[in-house]
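The values are calculated or read from the model by the stated rules, or taken from the named source; none is laboratory data. Treat the numbers as computed from the prediction; the structure is a model and nothing was measured. Cβ placement follows ideal geometry from the backbone for every residue including glycine, while neighbour counts extend to all protein chains displayed. Protein only, heavy atoms only, side chains kept; ligands, DNA and RNA dropped before computing areas. Shrake-Rupley method; radii C 1.70, N 1.55, O 1.52, S 1.80 Å.
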Amino acid sequence: MSALRELAAFFLPVGLTGAGIAVLCAIVAAVALARGAAGLCGGATAVWIVGMMLSVAAGFSGQWIPTAAAGGALVAALVIGGLVRAALNRRPARSEPVSVGPAPVATARPRRTEALGGANLGTVLAQR
(Lines give C-alpha, C1' and ligand atoms only; values in the text may rest on other atoms or scores of the structure.)
Protein backbone atom coordinates (compact mmCIF):
# COMPACT_ATOMS: atom_id res chain seq x y z
CA MET A 1 0.00 0.00 0.00
CA SER A 2 2.86 2.40 0.72
CA ALA A 3 4.31 1.85 -2.76
CA LEU A 4 0.97 2.86 -4.24
CA ARG A 5 0.99 6.09 -2.21
CA GLU A 6 4.54 6.87 -3.33
CA LEU A 7 3.61 6.26 -6.96
CA ALA A 8 0.52 8.43 -6.52
CA ALA A 9 2.77 11.25 -5.34
CA PHE A 10 4.77 10.83 -8.57
CA PHE A 11 1.83 10.46 -10.95
CA LEU A 12 -0.04 13.58 -9.85
CA PRO A 13 2.65 16.06 -11.00
CA VAL A 14 3.07 14.09 -14.23
CA GLY A 15 -0.67 14.33 -14.83
CA LEU A 16 -0.76 18.04 -14.07
CA THR A 17 2.16 18.66 -16.43
CA GLY A 18 0.43 16.66 -19.14
CA ALA A 19 -2.77 18.63 -18.64
CA GLY A 20 -0.80 21.88 -18.93
CA ILE A 21 0.78 20.71 -22.18
CA ALA A 22 -2.61 19.66 -23.49
CA VAL A 23 -4.21 23.01 -22.64
CA LEU A 24 -1.38 24.95 -24.31
CA CYS A 25 -1.65 22.80 -27.42
CA ALA A 26 -5.42 23.33 -27.46
CA ILE A 27 -4.87 27.09 -27.42
CA VAL A 28 -2.41 26.79 -30.31
CA ALA A 29 -4.90 24.63 -32.19
CA ALA A 30 -7.66 27.21 -31.67
CA VAL A 31 -5.52 30.06 -32.98
CA ALA A 32 -4.34 27.96 -35.93
CA LEU A 33 -7.89 26.94 -36.77
CA ALA A 34 -9.07 30.54 -36.59
CA ARG A 35 -6.29 31.62 -38.94
CA GLY A 36 -6.91 28.75 -41.34
CA ALA A 37 -3.58 26.99 -40.79
CA ALA A 38 -4.70 23.38 -41.02
CA GLY A 39 -1.20 21.92 -40.73
CA LEU A 40 -0.43 23.77 -37.52
CA CYS A 41 -3.81 22.83 -36.10
CA GLY A 42 -3.14 19.17 -36.87
CA GLY A 43 0.32 19.31 -35.33
CA ALA A 44 -0.98 20.98 -32.18
CA THR A 45 -3.71 18.37 -31.92
CA ALA A 46 -1.13 15.60 -32.28
CA VAL A 47 0.94 17.02 -29.42
CA TRP A 48 -2.30 17.50 -27.48
CA ILE A 49 -2.80 13.73 -27.65
CA VAL A 50 0.54 13.22 -25.88
CA GLY A 51 -0.44 15.74 -23.21
CA MET A 52 -3.79 14.04 -22.77
CA MET A 53 -2.12 10.67 -22.33
CA LEU A 54 0.16 12.17 -19.69
CA SER A 55 -2.81 13.75 -17.90
CA VAL A 56 -4.35 10.30 -17.50
CA ALA A 57 -1.45 9.53 -15.15
CA ALA A 58 -3.11 11.76 -12.55
CA GLY A 59 -5.95 9.25 -12.47
CA PHE A 60 -3.66 6.76 -10.74
CA SER A 61 -3.60 9.08 -7.76
CA GLY A 62 -7.38 9.46 -7.82
CA GLN A 63 -7.44 12.89 -9.49
CA TRP A 64 -9.39 12.98 -12.74
CA ILE A 65 -9.78 16.77 -12.96
CA PRO A 66 -6.58 17.26 -15.04
CA THR A 67 -7.81 14.71 -17.56
CA ALA A 68 -11.22 16.37 -17.79
CA ALA A 69 -9.61 19.80 -18.15
CA ALA A 70 -7.35 18.58 -20.96
CA GLY A 71 -10.25 16.97 -22.82
CA GLY A 72 -12.51 19.96 -22.37
CA ALA A 73 -9.76 22.32 -23.52
CA LEU A 74 -9.52 20.72 -26.97
CA VAL A 75 -13.27 20.56 -27.42
CA ALA A 76 -13.60 24.22 -26.46
CA ALA A 77 -10.63 25.21 -28.63
CA LEU A 78 -12.00 23.49 -31.72
CA VAL A 79 -15.45 25.00 -31.26
CA ILE A 80 -14.16 28.51 -30.54
CA GLY A 81 -11.58 28.34 -33.33
CA GLY A 82 -14.21 27.23 -35.82
CA LEU A 83 -16.61 29.97 -34.77
CA VAL A 84 -13.91 32.64 -35.05
CA ARG A 85 -12.95 31.33 -38.49
CA ALA A 86 -16.57 31.45 -39.62
CA ALA A 87 -16.93 35.00 -38.30
CA LEU A 88 -13.77 36.09 -40.11
CA ASN A 89 -15.00 34.56 -43.36
CA ARG A 90 -18.26 36.53 -43.15
CA ARG A 91 -16.44 39.87 -42.98
CA PRO A 92 -16.66 41.88 -46.17
CA ALA A 93 -13.45 41.98 -48.15
CA ARG A 94 -11.43 45.16 -48.07
CA SER A 95 -12.03 47.32 -51.10
CA GLU A 96 -9.16 48.66 -53.13
CA PRO A 97 -8.35 52.32 -52.57
CA VAL A 98 -9.94 54.59 -55.15
CA SER A 99 -7.49 56.73 -57.09
CA VAL A 100 -8.74 60.20 -57.97
CA GLY A 101 -6.24 61.07 -60.71
CA PRO A 102 -5.94 59.49 -64.15
CA ALA A 103 -4.29 56.12 -64.41
CA PRO A 104 -0.64 56.23 -65.45
CA VAL A 105 -0.09 55.37 -69.08
CA ALA A 106 2.66 52.93 -69.89
CA THR A 107 4.88 54.23 -72.64
CA ALA A 108 6.89 51.97 -74.85
CA ARG A 109 10.49 53.10 -75.03
CA PRO A 110 12.98 51.55 -77.37
CA ARG A 111 15.77 49.77 -75.57
CA ARG A 112 19.04 48.51 -76.77
CA THR A 113 19.58 44.76 -76.61
CA GLU A 114 22.39 42.59 -77.77
CA ALA A 115 21.89 39.67 -80.09
CA LEU A 116 22.75 36.14 -78.99
CA GLY A 117 26.27 36.32 -80.37
CA GLY A 118 27.24 39.32 -78.28
CA ALA A 119 28.42 42.78 -79.31
CA ASN A 120 30.43 41.47 -82.30
CA LEU A 121 27.30 40.41 -84.19
CA GLY A 122 25.64 43.78 -83.75
CA THR A 123 22.82 45.14 -81.69
CA VAL A 124 19.14 45.47 -82.40
CA LEU A 125 16.59 48.02 -81.38
CA ALA A 126 13.67 46.31 -79.61
CA GLN A 127 10.34 47.56 -78.37
CA ARG A 128 9.36 46.82 -74.83
Condition set under 19 Å from Ile49 (Cβ atoms) and open to solvent by 60 Å² or more (accessible area, probe 1.4 Å), scope the stretch 12-25, selection farthest from the chain's Cα centre (by Cα): answer is Leu16
Residue tally, condition in contact with a Phe, Trp or Tyr (Cβ under 7 Å, 6 or more places away or on another chain) and either closer than 18 Å to Val84 by Cα or not in a helix (DSSP H, G or I) (or both), over the stretch 1-59: 3
From the residues in the stretch 26-55 that are open to solvent by less than 60 Å² (accessible area, probe 1.4 Å) and within 9 Å of Ala70 (Cβ to Cβ), which one is nearest to the chain's Cα centre (by Cα)? Ala26
Just checking, does the stretch 67-81 include any residue being in a helix (DSSP H, G or I), within 30 Å of Glu6 (Cα to Cα) and not small (Gly, Ala, Ser)? yes
